Amino acid sequence: MLKQRVMTAAWLAPLVLAGLFGLQGGGYALFTACIVLLGAWEWTNLAGVEQPLKRTLLVAGCAVLMLLMWLTGSAHAEWPLWLAAAGWLANLVWVARYPRLAIQWHSTPGRLLMGLWVLLPCWVGFNILRESGAIWLLFVLLLVWSADIGAYFAGRRWGKRKLAPSVSPGKSWEGVFGGMAATTLLAIGFAIGLSLGLGESVALVVITLLVTLISVLGDLLESMLKRYRDVKDSSQLLPGHGGVLDRIDSLTAAIPLFALLYLQVLSL
């Protein structure tokens, strides 16, 4: 398993980084759309659709929506980000009250609809952050990775209080606080490196803490869906790593909501 993970990471990481930071414009949008559409393929299974033809048609429908968004300018608009904000509020309630409120979203159409406000705004957020000059795209990627690393080590060392035992028994509040500590240091480092003023620096730290919590929710949402579907991974597309959604679950929440806060606060 470890050998598979290393081999997959060896070719996948350079490819993803080259696509995210080497491409611009339509090429970048197409590259990130492919990532999101792979996630959509896996989401159809989490939604309970098993027939390959139906899954293909649903992913094709998602691709058509993305094309329409690109042609109408919605791929760089704020409204999908506000849709994500509203959708993630609903996701928070469902994760916090799982399995009691599963009846509200358990149907296949319900889970497919959930996928729209999780995946499409993530793609929009990628586009908006790349337009910012890539520095904030880099920041949010480092934020999610730092949160994961901080949570892992803090959770192993001090983890006692369960965060969401019905959804992901291994996660603890101590892990969350460890992730927040790591991302706070990241934000301070960026603020210093970018020579931000005091007000901007404080705003960046506050936004960072909010997005750190949101990234945890992204992880928990996918865990909830996998638990309900009784599967370990979203797919086996990435040997040793599971599926695409297993790698971007935190980003599906962090990217659109950081992009929204960036537009409202940091870009002014």
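Values as computed for the structure displayed
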| item | result |
| --- | --- |
| Pair list, Cβ < 7 Å and 6+ apart or interchain, from the stretch 142-170 residues that are over 21 Å from Glu222 (Cβ atoms) and at pLDDT 95 or above to residues that are crowded, with 19+ Cβ neighbours inside 10 Å and of a type in the set (Ser, Thr, Tyr) | Arg161/Ser172 |
| Out of Thr32, Thr8, sole residue that is modelled with pLDDT under 85, of a type in the set (Val, Ile, Thr) and part of a helix (DSSP H, G or I) | Thr8 |
| Every residue from the stretch 184-235 that is farther than 30 Å from Leu15 by Cβ and part of a loop (DSSP other than H, G, I, E, B) | Ser195, Leu196, Gly197, Asp230 |
| Near pairs, Cβ below 7 angstrom, 6+ apart or cross-chain, from the stretch 212-223 (touching a residue at least 12 places away in the same chain (Cβ under 8 Å) and closer than 14 Å to Ala85 by Cβ) to any residue that is of a type in the set (Ser, Thr, Tyr) and buried (at least 24 other Cβ atoms within 10 Å of the Cβ) | Gly218/Ser250; Gly218/Thr252 |
| Single condition Met180 does not satisfy, out of (1) of a type outside the set (S, T, N, Q); (2) surrounded by 18 or more Cβ atoms within 10 Å (Cβ to Cβ); (3) in contact (Cβ under 8 Å) with a residue 40 or more places away in the chain; (4) more than 22 Å from Tyr98 (Cα to Cα) | (3) |
| Members of the stretch 150-173 found to be surrounded by fewer than 18 Cβ atoms within 10 Å (Cβ to Cβ) and assigned to a helix (DSSP H, G or I), listed by number | Tyr152, Phe153, Arg156, Arg157, Trp158, Trp173 |
| Lone qualifier among Ala60, Ala90, Ala18 - being in a helix (DSSP H, G or I), surrounded by fewer than 18 Cβ atoms within 10 Å (Cβ to Cβ) and at pLDDT below 95 | Ala18 |
| Pairs where the first residue, in the stretch 44-55, is among the polar types (S, T, N, Q) and the second is modelled with pLDDT of 95 or more and part of a helix (DSSP H, G or I), C-beta under 6 Å, 6+ apart | Thr44/Arg55; Thr44/Leu58 |
| Residue match in the stretch 69-86 (condition: assigned to a helix (DSSP H, G or I), within 18 Å of the chain's Cα centre (by Cα) and more than 18 Å from Asn127 (Cβ to Cβ)) | yes |
| Test result for Leu238, under 25 Å from Thr8 (Cα atoms), surrounded by 18 or more Cβ atoms within 10 Å (Cβ to Cβ) and at pLDDT below 95 | yes |
| Test for Gly133: is it modelled with pLDDT under 95 and small (Gly, Ala, Ser) | yes |
| Every residue from the stretch 232-254 that is touching a Ser or Thr at 6+ places or on another chain (Cβ under 9 Å), within 25 Å of Ala187 (Cα to Cα) and of a type in the set (A, V, I, L, M, F, W, C) | Leu251, Ala253, Ala254 |
| Looking only at the stretch 116-148, and only at residues there that are among the aromatic types (Phe, Trp, Tyr) and closer than 16 Å to Leu30 by Cβ, the one that is surrounded by the fewest Cβ atoms within 10 Å (Cβ to Cβ) | Phe126 |
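The values are calculated or read from the model by the stated rules, or taken from the named source; none is laboratory data. For clarity, every value in this text was computed on a predicted model and none was experimentally measured. Neighbour counts run over all protein chains shown; Cβ positions are idealised from the backbone, glycine included.
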